[in-house]
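Inspection log for the structure reproduced underneath, given as structure tokens.
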Amino acid sequence: MESLLAITIGVLVAGSVYLMLARNVLRFIFGLVLISNAANLTIFAGGRLTEGAPPLIAEGADAPAGLVANALPQALVLTAIVIGFGLFAFALVLVVRAYTELGTLNSDEMRVAEPKEGPAK
Amino acid sequence: MKDESADTPRGNGLIGVVPIVLSAALFGWFWTFLEPISNGEAVRLVWDWVPAMQISLSFLFDGLSLTFALLISGIGTLVLLYSNTYLAGHPQFARFVLFLFSFMLAMLGLVLADNLIALFVFWELTTITSYLLIGFGHETEKGRRSALQALFVTGAGALALLAGLILLGLSMGTFEMSEILARGDEVRAHQYYLPILILILAGAFTKSAQFPFHFWLPNAMAAPTPVSAFLHSATMVKAGVYLMARIHPAFSGTEVWVWTLTIAGGFTAVFASVLALRQTDLKQALAYTTLMALGTLTLFLGQDSAYALTAFAAFLIVHSFYKAALFLVVGCIDHATGTREADILGGLGRAMPVTAIAAALAALSMAGVPPLLGFISKEIQYAGGLEVASSPVFVVSAVLAASSLMFAVAGIVAFRPFWRPPGGEMPKSPHEAPWPMLAGPVILATLGLVFGLFPGVVQTALVNPTVAGFLGTAEGAATLKLWAGVNLPLMLSLATFAIGFILYAVHRPLRAYLARLDAAAPNFDRGWDRFLDWLKGLAAWQTRVIQTGVLRQYMWTTFAVIVVGVGATLAIKGNVNLAAAFDDVTWRNTAILLLICAGTILTMITRSRVAAITGLGVVGIGVALVFILFSAPDVAITQLLVETLVVVLVAVALLRLPFLDKRGESDHRPADAMLAVAVGTVVTLTLLAVLNEPFDRRLTDYFDATSWPAAFGRNIVNVILVDFRALDTFGEIAVVVIAALASYALLRTTKGRKDP
């Protein structure tokens, strides 16, 4: 199952790379969302998949009974999802702000920080 | 820099006196080592520094290092005393003294260090302090340029040196110099002998300004005169010579060693003394004679015989004495008259009698006239040169040429300005220098005379231990004596005087001729400028190519590097098993994964914003389903929540944004698609390689076992988040809060910036 998931992650990454290479920064944001999903799945798959055994300890027991899913990557992914959301929200606001300020979503035309060679304005 | 009030022997208060006392105390301390070491003992002091990497602060006191330490601290004391008056009242005197004293300490560390890495650290400290000192007059462009040039040249050499030292340490299994030197045969037989030697010599040659790295030294004369006296004659430039002397026992004797040092040293010596003759600035003339001395020292280090090494030791000492004295004298002249031009200066003997006598003694030593120490040193040089097995004619003729030219330069620097009529109007009427400025030159020049009359003192105290440091025994060391009988060296000395005198007599017309010759020859200093310009051009070009300012190109480069770097590593080391773990594939799971792929592709190819959001939502739900299926309910809940928020936020943002593509444009990018597929493939293969490795459950088992007993939580994921890794979670909250605050700020200021 992990192998199939690995291929799906590859598709996700390919899609997000394609979107992040776009001129339109809104597409870039879409790519950002997809690539954080891909990263989360990668961490998750790296900890191996276990079906139907969440990492919980039964009432009265000291430790989970039998083999349960790997809790560590789940904790990491939880953190990553929230941070990824923070990044996404901030990036989205930046895009909105850039559009109101510059009137374009084309990253090729956003040259305030690194103006083209030639006489500076 | 200098004003009339500075001519009274007035210091700079405590800040001027303390370093003098400290360095005098250091000198006294080193003096106490003199007796045990001249009896053939060696003292090692060791402190651990980075023991895991065999780096220690270990210091070795033996004949060679002690000789250097005494010269450095002794001349250092006199120079500090001198500068206390020379720069009296200078607004940045404290800075100057700090640099100079730090330099002295670094230099002492350099010559005493036994550990290769410690030696390198001190070596670089001398480079840095020297940079600061040369650039002390940083208001002038010349000062800045000279400082930077010295830093670049010696710094580049130092990088080579570091590589060489590390290679040497790794090859020999120890970083302690004393152990390496004891195993010289192993060093010479080692397969890396040649690269190590080349790298170390690159460091030594740049530091000691051997041709073709000589050009920075005359420029370094932009520094205040006491600095030139100290750094660029007596100590720092000798660091390279010291290093070659230090490794001599282990590295010398091979063909490469002999010929490299003999040719580089001999050529530098003659080349520099010819150029010295053409200078009209007294300080520049002395700078070139220093180059000559460094060349001669290198020349003798190339040899193996006890005689040649005695010549090295004797010349090292005598040169430090007379050169420091002469630099200080030039400083006095400059101070008193306001100029250093040989063509203008004259008749100073009456106004500055003490300076004149000190200058004369030092110059006679430099010219090699009996009964001064310089004469003895020169005799030994001839005798040592004649003994050289490989190339006596070359060595002797190099020494003869250089010594004759020295004789002439000595006359130009120390005779003409004092005893010949002036050639022009001097900016200030000359007067005698105050005593602290005279102490240095007088003491150093007198030492040259005293040691010349009683050479036995130098012999037992400094020369024999130094030679013993090379050969293990001082028995072969030549005896320093004034009268060695009528022999070939004496004949050569007489020839030196004759040639030198003729050169002095004709030096003015000769100078014009040399100046023309020099102008026609390739100029290394200008070559340096061209090299720097080329370097800057290269940097500008690569910045233009790499930093285009276009986001897409940055992304392209980043992803391409990932593909090439990770892909190549996978191809070389990867352990990908494509057939693995397809066994538990079910239709239900496959359907979810296909859903994710479909959502991805929809987002990629659509031109509709709503379709894109839908695609994102589909992917997010699919990922949440994966989490649910594989026993991660908490993660799935968070994912669903966040995914919903993402879709809502994008939808809100779209209200303020235009369509994805302008009418008539399409987003069809085949090249990008190929790169995207490549990145995706690399990621998949990497993940497959990771999954192919055996799984390590140790951490998971720890959390499983301790979650309830230690943290009283039954949901292990939650326990990890809020207990075991609580600080991480706190950081995560902080990130979200900062993102929210920043977003709020950005949105609030949306209006207003354009129409204030």
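Of (1) over 16 Å from the mean Cα position of the chain (by Cα); (2) over 25 Å from residue B:64 (Cα atoms); (3) not basic (Lys, Arg), residue B:198 satisfies all except one. Which? All conditions are met except number (2).
Of the helices (runs of 4 or more DSSP H) entirely within region B:200-285, those holding at least 3 residues that are of a type in the set (Ser, Thr, Tyr) occupy B:255-278. For residue B:182, state whether it is on the phi < 0 side of the Ramachandran plot, surrounded by fewer than 23 Cβ atoms within 10 Å (Cβ to Cβ), in contact (Cβ under 8 Å) with a residue 24 or more places away in the chain and not assigned by TED's automatic domain parsing to the domain that holds residue B:294. The answer is no for residue B:182.
One residue stands out in region B:601-623 among those that are more than 10 Å from chain A (Cβ to nearest Cβ) and among the aliphatic types (A, V, I, L, M): the one that is farthest from residue A:44 (Cα to Cα), namely B:610. Against the test of being of a type in the set (A, V, I, L, M, F, W, C), part of a helix (DSSP H, G or I) and surrounded by 20 or more Cβ atoms within 10 Å (Cβ to Cβ), the options A:91, A:38, A:98, A:22 yield a single qualifying residue, A:38.
Tell me, please, whether a residue that is part of a helix (DSSP H, G or I) and within 24 Å of residue B:72 (Cβ to Cβ) can be found in region B:137-144. There is no residue in region B:137-144 that is part of a helix (DSSP H, G or I) and within 24 Å of residue B:72 (Cβ to Cβ).
Note on region B:404-463: residues that are without any contact (Cβ under 8 Å) to a residue 40 or more places away in the chain and closer than 21 Å to residue B:285 by Cβ total 0. Residue B:546 meets the conditions (1) in contact with a Ser or Thr (Cβ under 9 Å, 6 or more places away or on another chain); (2) loosely packed, with under 12 Cβ neighbours inside 10 Å; (3) at pLDDT 85 or above in every case but one. The failed one is (3).
Only a single item in (1) small (Gly, Ala, Ser); (2) buried (at least 23 other Cβ atoms within 10 Å of the Cβ); (3) under 24 Å from the mean Cα position of the chain (by Cα) is not met by residue B:273, and it is number (3). Consider residue B:721 carefully, then state whether it is under 30 Å from residue A:6 (Cβ atoms) and within 9 Å of chain A (Cβ to nearest Cβ). For residue B:721, the condition - under 30 Å from residue A:6 (Cβ atoms) and within 9 Å of chain A (Cβ to nearest Cβ) - is met. Of the listed requirements (1) at the interface with chain B (Cβ under 7 Å from one of its Cβ atoms); (2) closer than 30 Å to residue B:621 by Cα, residue A:114 misses just one: (2). Residues that are assigned to a helix (DSSP H, G or I), crowded, with 21+ Cβ neighbours inside 10 Å and within 7 Å of chain B (Cβ to nearest Cβ) were ranked within region A:45-78; the one that is nearest to the chain's Cα centre (by Cα) is A:77.
Might you check whether a residue that is facing another protein chain (nearest Cβ under 9 Å) and within 28 Å of residue B:633 (Cβ to Cβ) occurs anywhere in region B:738-748? Yes: region B:738-748 contains one or more residues that are facing another protein chain (nearest Cβ under 9 Å) and within 28 Å of residue B:633 (Cβ to Cβ). Only a single item in (1) over 27 Å from residue B:653 (Cβ atoms); (2) touching a helix residue (DSSP H, G or I) at 6+ places or on another chain (Cβ under 7 Å); (3) of a type outside the set (S, T, N, Q); (4) at pLDDT below 90 is not met by residue A:23, and it is number (1). In the set (1) away from chain A (no Cβ under 14 Å); (2) loosely packed, with under 12 Cβ neighbours inside 10 Å, residue B:541 fails one condition alone, (1).
Is there a residue being exposed (fewer than 13 other Cβ atoms within 10 Å of the Cβ) and either part of a strand (DSSP E or B) or not aromatic (Phe, Trp, Tyr) (or both) anywhere in region B:55-76? No, that holds for no residue. In region A:1-21, the residues that are more than 7 Å from every other protein chain (Cβ to nearest Cβ) form Cβ pairs under 7 Å with partners that are of a type in the set (A, V, I, L, M, F, W, C) and in a helix (DSSP H, G or I), at six or more places apart or across chains, as follows: A:16/A:34; A:16/A:35; A:16/A:38.
Does residue B:657 qualify as being at pLDDT below 90, of a type outside the set (Lys, Arg) and either surrounded by fewer than 21 Cβ atoms within 10 Å (Cβ to Cβ) or within 22 Å of residue A:42 (Cα to Cα) (or both)? Against the criterion (at pLDDT below 90, of a type outside the set (Lys, Arg) and either surrounded by fewer than 21 Cβ atoms within 10 Å (Cβ to Cβ) or within 22 Å of residue A:42 (Cα to Cα) (or both)), residue B:657 qualifies.
Helices (runs of 4 or more DSSP H) fully within region B:309-395 that include at least 2 residues being assigned by TED's automatic domain parsing to the domain that holds residue B:472 and at pLDDT 85 or above: B:353-367, B:373-387. The number of residues in region B:477-491 that are under 16 Å from residue B:314 (Cβ atoms) and not in a loop (DSSP other than H, G, I, E, B) comes to 1.
As for region B:397-420, it holds at least one residue that is at pLDDT below 85 and surrounded by fewer than 17 Cβ atoms within 10 Å (Cβ to Cβ). Determine whether residue B:39 is of a type in the set (S, T, N, Q), closer than 21 Å to residue B:314 by Cβ and over 24 Å from the mean Cα position of the chain (by Cα). Here the answer is yes, as residue B:39 does meet what is asked.
Within region A:22-39, being more than 7 Å from chain B (Cβ to nearest Cβ) and in contact (Cβ under 8 Å) with a residue 24 or more places away in the chain holds for A:25, A:28, A:29, A:32, A:36, A:38, A:39. For residue B:351, the conditions (1) out of contact with any strand residue (DSSP E or B) (no Cβ under 9 Å at 6 or more places or on another chain); (2) of a type in the set (A, V, I, L, M); (3) buried (at least 24 other Cβ atoms within 10 Å of the Cβ) are fulfilled apart from (3). Checking each residue in region B:622-637 for being surrounded by 19 or more Cβ atoms within 10 Å (Cβ to Cβ) and part of a helix (DSSP H, G or I) picks out B:622, B:623, B:624, B:625, B:626, B:627, B:634, B:635, B:636.
Taken over region B:544-575, the residue count meeting the criterion of being at negative phi and either of a type in the set (Phe, Trp, Tyr) or at the interface with chain A (Cβ under 10 Å from one of its Cβ atoms) (or both) is 14. Only one entry of A:14, A:61 meets the criterion of being farther than 19 Å from residue B:696 by Cα, of a type in the set (Gly, Ala, Ser) and modelled with pLDDT of 90 or more, and that entry is A:14. For region B:687-701, filtered to residues that are in a helix (DSSP H, G or I) and more than 9 Å from every other protein chain (Cβ to nearest Cβ), the residue that is farthest from residue A:62 (Cα to Cα) is B:689. Checked against the criterion of being modelled with pLDDT under 85 and not assigned by TED's automatic domain parsing to the domain that holds residue B:681, the candidates B:581, B:520 yield just one match: B:520.
With respect to residue B:675, is the statement that it is at pLDDT 90 or above and surrounded by 17 or more Cβ atoms within 10 Å (Cβ to Cβ) true? The answer is yes for residue B:675.
The values are calculated or read from the model by the stated rules, or taken from the named source; none is laboratory data. Since we're looking at a predicted model, the values are computed, not measured. Backbone-built Cβ (ideal geometry, glycine too); neighbour counts: all protein chains shown.
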